[in-house]
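Structure record follows, encoded as structure tokens.
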Amino acid sequence: MSRPIPELVAGVRNPATLSVCKDHVDAVYFSIDRFSLRARARDITLDNLDTFVEQVKDSGLKAYLAVNTVIYPEDLPAVDAVMETAASAGVDAVIAWDPAVINKSVECGLDLHISTQANVSNWQTAEFYFKQGASRVILSRELTLEQIKDIRQHTDMELEVFVHGAMCQAVSGRCYLSAYLLGRSGNCGDCTQPCRWQWTLHGENGGLVELGGKYLLSARDLCMIEHVPELIDAGVDAFKIEGRLRNPGYAAVVSKCYREALDCCLDGSFTRERAQQWKEQMAAVYNRGFSTGFYFGVPGPDGLAVEKDMNASSVRRQAVGVVQNYFVKQGAAAIKLMEGGLAVGDSIVIEGTSTYLEQEVESLMIGVDLVQKAGKGQDVGMKVADRVRENDRVFRVERI
């Protein structure tokens, strides 16, 4: 390639997600339990931020902290505390758009990346943020590839773009629908995702309009794996994978596929056939169907997932229970089957804040008896391939 290979950045929510993608990415972005558009991602807090950043650095990665909600007057003292803690923890950059957060970041000597919430859509805006102290802009998701090329030609700012993950129905995430319907603001990280609900469309005469599906506002996920070389040629400095609220299995597969795609661009072995294989691998983890977003023009009906609910993948995770104890010497776990049963041969995932384990059920015990299956409500012992922890969740993985 004539241009440098972009930095690969993945969203993580806890040490478990970090552990599965650390060998594939160059940096991770995350949030703490406040001032984040992913308010449900609460595993990282001010109290453990320094420990988590240390884990990121020990993995050889850069650590980017997202502080990207609307900031109200009563929030300002807490914002100061967050920025000061981020600086002392050694965060490599803060992702922000609110001027109050920008000013405090610069004051604390933190590197600054401008969030996609700022909707940066031209080179003059990028240069404006450079003058405020930013080193990188995460461009608006509504830009075409040609517009990105134009911005690249007029600024030396680092340019980051989203390459994979959920697409918001609103302009770079600036949505008020959740706040209007339920009083829960997406711009403060508490979106109820009404664009993913089932809707019906009625004509002026009151008659129902049939559109071939019920999910009339649900955008397909972005997937640019087939166009990685074009993004590199456009001069993009960083690729961002969205998905801080998705499970670690998603992060593992998607980050691995994009890492392989970038490596193939570097050594000249990238082909559309290989890209199709990566796309098929990513279709097996959580997704809403794929599109190329706005990169090649405004999406039409093929950019919407009207016929499917939240997950278009043929693979489903069914919650079945929770780990009650782990026995080191036996390499086994005690599991309470709260939502469903398990049988020998089942594919399972055990997941927690610091745990991610995929395996098959090799043996089950009820009391001192080996059994082939156990049902909802029973307590079972099970051999596990690695350490698990109390309160980790157990999921059965099935193809439908």
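The table that follows gives values for the structure above.
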item: Verdict on Val25 being farther than 20 Å from Ile114 by Cα, of a type in the set (A, V, I, L, M, F, W, C) and within 14 Å of the chain's Cα centre (by Cα); result: yes
item: Subset of region 275-314 [modelled with pLDDT of 95 or more, assigned to a helix (DSSP H, G or I) and either touching an Asp or Glu at 6+ places or on another chain (Cβ under 8 Å) or open to solvent by 50 Å² or more (accessible area, probe 1.4 Å) (or both)]; result: Ala275, Gln276, Gln277, Trp278, Lys279, Glu280, Gln281
item: Condition met for Glu142 (part of a loop (DSSP other than H, G, I, E, B) and either open to solvent by 40 Å² or more (accessible area, probe 1.4 Å) or not polar (S, T, N, Q) (or both)); result: yes
item: Only one of Asp379, Asp346 that is modelled with pLDDT of 95 or more, farther than 30 Å from Cys168 by Cβ and within 31 Å of the chain's Cα centre (by Cα); result: Asp346
item: Single unsatisfied condition, His227 versus (1) part of a loop (DSSP other than H, G, I, E, B); (2) at pLDDT 85 or above; (3) open to solvent by less than 60 Å² (accessible area, probe 1.4 Å); result: (1)
item: Selected residue (only one of Tyr250, Tyr258 is assigned to a helix (DSSP H, G or I), crowded, with 16+ Cβ neighbours inside 10 Å and either on the phi > 0 side of the Ramachandran plot or without any contact (Cβ under 8 Å) to a residue 60 or more places away in the chain (or both)); result: Tyr250
item: Some residue of region 55-72 being within 16 Å of Pro248 (Cα to Cα), open to solvent by less than 20 Å² (accessible area, probe 1.4 Å) and at pLDDT 95 or above; result: yes
item: Odd one out for Phe270 among (1) hydrophobic (A, V, I, L, M, F, W, C); (2) within 26 Å of Arg396 (Cα to Cα); (3) open to solvent by 30 Å² or more (accessible area, probe 1.4 Å); (4) touching a helix residue (DSSP H, G or I) at 6+ places or on another chain (Cβ under 6 Å); result: (2)
item: Tally of residues being surrounded by fewer than 18 Cβ atoms within 10 Å (Cβ to Cβ) and outside any loop (DSSP other than H, G, I, E, B) across region 111-126; result: 1
item: Close pairs (8 angstrom Cβ cut-off, 6 or more residues apart or separate chains): closer than 27 Å to Arg42 by Cβ and assigned to a strand (DSSP E or B) in region 350-371, open to solvent by 60 Å² or more (accessible area, probe 1.4 Å) and not hydroxyl-bearing (Ser, Thr, Tyr) anywhere; result: Ile350/Arg393; Glu351/Arg393; Leu357/Ala385; Leu357/Asp386
item: Matching residues, region 26-54, being in contact with a helix residue (DSSP H, G or I) (Cβ under 6 Å, 6 or more places away or on another chain) and open to solvent by 10 Å² or more (accessible area, probe 1.4 Å); result: Leu46, Asp50
item: Near pairs, Cβ below 6 angstrom, 6+ apart or cross-chain, from region 123-134 (closer than 22 Å to Leu145 by Cα) to any residue that is β-branched (Val, Ile, Thr) and exposed (fewer than 15 other Cβ atoms within 10 Å of the Cβ); result: none
item: Selection status of Lys214, modelled with pLDDT of 95 or more, among the basic types (Lys, Arg), more than 21 Å from Leu143 (Cα to Cα) and out of contact with any Gly (no Cβ under 9 Å at 6 or more places or on another chain); result: no
item: Residue match in region 315-330 (condition: part of a loop (DSSP other than H, G, I, E, B), open to solvent by less than 70 Å² (accessible area, probe 1.4 Å) and farther than 30 Å from Thr45 by Cα); result: no
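Every residue, every condition in (1) surrounded by 15 or more Cβ atoms within 10 Å (Cβ to Cβ); (2) assigned to a loop (DSSP other than H, G, I, E, B); (3) in contact (Cβ under 8 Å) with a residue 40 or more places away in the chain, yes or no:
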{"site": "Gln147", "(1), (2), (3)": "yes, no, no"}
{"site": "Val163", "(1), (2), (3)": "yes, no, yes"}
{"site": "Ala179", "(1), (2), (3)": "yes, no, no"}
{"site": "Gly206", "(1), (2), (3)": "no, yes, no"}
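Conditions (1) farther than 24 Å from Phe130 by Cα; (2) assigned to a loop (DSSP other than H, G, I, E, B); (3) aromatic (Phe, Trp, Tyr); (4) touching a residue at least 12 places away in the same chain (Cβ under 8 Å), marked per residue:
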residue: Tyr29; (1), (2), (3), (4): no, no, yes, yes
residue: Leu37; (1), (2), (3), (4): no, yes, no, yes
residue: Ala41; (1), (2), (3), (4): yes, yes, no, yes
residue: Ile44; (1), (2), (3), (4): yes, yes, no, yes
residue: Lys57; (1), (2), (3), (4): yes, no, no, yes
residue: Gly60; (1), (2), (3), (4): yes, yes, no, yes
residue: Ile71; (1), (2), (3), (4): no, yes, no, yes
residue: Asp80; (1), (2), (3), (4): no, no, no, yes
residue: Glu84; (1), (2), (3), (4): no, no, no, yes
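The values are calculated or read from the model by the stated rules, or taken from the named source; none is laboratory data. Note that the structure is a prediction, hence the values are computed from the model and not measured. Note: ideal-geometry Cβ built from the backbone for every residue, glycine included; neighbour counts use all protein chains shown. Areas reflect the complete protein model, heavy atoms only, side chains present, ligands, DNA and RNA absent. Shrake-Rupley method; radii C 1.70, N 1.55, O 1.52, S 1.80 Å.
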